[in-house]
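Have a look at the structure below, then the notes.
The values are calculated or read from the model by the stated rules, or taken from the named source; none is laboratory data. A quick note: this is a predicted structure, and the numbers were derived from the prediction, not measured. Reconstructed Cβ throughout: ideal geometry from the backbone, glycine too, with neighbour counts over all protein chains shown.
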Amino acid sequence: MTRLRYWADGARHTPVAVSLFLLFTVFPWGVALPEEVNTPRAYIDGTEPGWQLLGQEDFVNVNCDQNTWKWQDGVLFCTGRPVGVLRSKELYTNFELIVEWRHLQPAGNSGVFIWTPPESLAELAPNKLPSGIEVQILDHAFAEQYEQRTGRKADWFTTHGDVFAVGSSKMTPFPPTSPNGSRSFPRKQLSRGVNQWNHYYIRAINGEVRLWVNGQEVSGGTGCQPSTGHVCLESEGAPIEFRNIRVRRLP
């Protein structure tokens, strides 16, 4: 009602009829008013003080082939084979993380691991994944192909940013959750499809993890154990690219 009666702060005495005329002349039916535009709520670009851009020198190949990961012009390419991870050289406890990613073929599968304990990475065999809290990265076609392949409904995962514990790690997921209660399902469907860049902002503080997808918070969990470890990028069967990987330590 306020929007219809008053066009701006300096127009409190504008008659309702004039306001309606302006509304439907300047903003035709179906076009949102400026204050209604769905702008990102937490689009952190990692350029503020304290952020560190991570590159080739900041990661170690754990259990993939020599050519699985390739850095070029600030972009990290992953073939997806074999299944495995690339880990950060450093350990992190409280931190913020930015990862931009895009799948290069339909039904791509990948993820970001946080708080991966060093012991789960020691002598990790190819085609195995470590423990940690996984922030999943799935292309939308994955669900369709899963249902075609298995004949079962794809109701235990989503393609918009599930967060869950893997291996010996533990986490209490934020609702809504998967049917078995192990995954935090995203509250909104914001991921973009194949060949389109997506922006993940992850905040990990005192055993709590929260995920923002393309600017809006969607999922997470609390009570994470352990809550110190490596950051890992996942190779899981399909080509994917990463860029603008940035981290900022927090108290």
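Among residues of the stretch 156-166 being of a type in the set (A, V, I, L, M, F, W, C) and either crowded, with 21+ Cβ neighbours inside 10 Å or not assigned by TED's automatic domain parsing to the domain that holds residue 110 (or both), the one that is nearest to residue 212 (Cα to Cα) is 163. Taken over the stretch 167-178, the criterion of being surrounded by fewer than 17 Cβ atoms within 10 Å (Cβ to Cβ) and touching a residue at least 40 places away in the same chain (Cβ under 8 Å) is satisfied by 167, 168, 170, 172.
For the stretch 33-69, taking the residues that are assigned to a loop (DSSP other than H, G, I, E, B) and of a type in the set (Phe, Trp, Tyr), the one that is modelled with the highest pLDDT is identified as 51.
Every residue, every condition in (1) out of contact with any helix residue (DSSP H, G or I) (no Cβ under 9 Å at 6 or more places or on another chain); (2) assigned by TED's automatic domain parsing to the domain that holds residue 113; (3) of a type outside the set (D, E, K, R); (4) not in a strand (DSSP E or B), yes or no:
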{"position": "147", "(1), (2), (3), (4)": "yes, yes, no, yes"}
{"position": "154", "(1), (2), (3), (4)": "no, yes, yes, yes"}
{"position": "181", "(1), (2), (3), (4)": "yes, yes, yes, yes"}
{"position": "192", "(1), (2), (3), (4)": "yes, yes, no, yes"}
{"position": "201", "(1), (2), (3), (4)": "yes, yes, yes, no"}
{"position": "221", "(1), (2), (3), (4)": "yes, yes, yes, no"}
{"position": "224", "(1), (2), (3), (4)": "yes, yes, yes, no"}
{"position": "241", "(1), (2), (3), (4)": "yes, yes, no, no"}
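Kindly establish whether residue 143 is over 19 Å from residue 244 (Cα atoms), in the same structural domain as residue 169 (by TED's automatic domain parsing), out of contact with any Gly (no Cβ under 6 Å at 6 or more places or on another chain) and without any contact (Cβ under 8 Å) to a residue 40 or more places away in the chain. For residue 143, the condition - over 19 Å from residue 244 (Cα atoms), in the same structural domain as residue 169 (by TED's automatic domain parsing), out of contact with any Gly (no Cβ under 6 Å at 6 or more places or on another chain) and without any contact (Cβ under 8 Å) to a residue 40 or more places away in the chain - is met.
Restricting 129, 211 to residues that are part of a loop (DSSP other than H, G, I, E, B), assigned by TED's automatic domain parsing to the domain that holds residue 238, touching a strand residue (DSSP E or B) at 6+ places or on another chain (Cβ under 8 Å) and closer than 22 Å to residue 235 by Cβ narrows the list to 129. Could you go through the stretch 105-113 and let me know if any residue there is without any contact (Cβ under 8 Å) to a residue 60 or more places away in the chain and assigned by TED's automatic domain parsing to the domain that holds residue 209. Within the stretch 105-113, none of the residues are without any contact (Cβ under 8 Å) to a residue 60 or more places away in the chain and assigned by TED's automatic domain parsing to the domain that holds residue 209.
Of the residues making up the stretch 74-111, those that are within 27 Å of residue 122 (Cβ to Cβ), outside any loop (DSSP other than H, G, I, E, B) and β-branched (Val, Ile, Thr) number 2. Restricting the stretch 71-89 to residues that are within 21 Å of the chain's Cα centre (by Cα) and over 20 Å from residue 114 (Cβ atoms), the residue that is surrounded by the most Cβ atoms within 10 Å (Cβ to Cβ) is 80.
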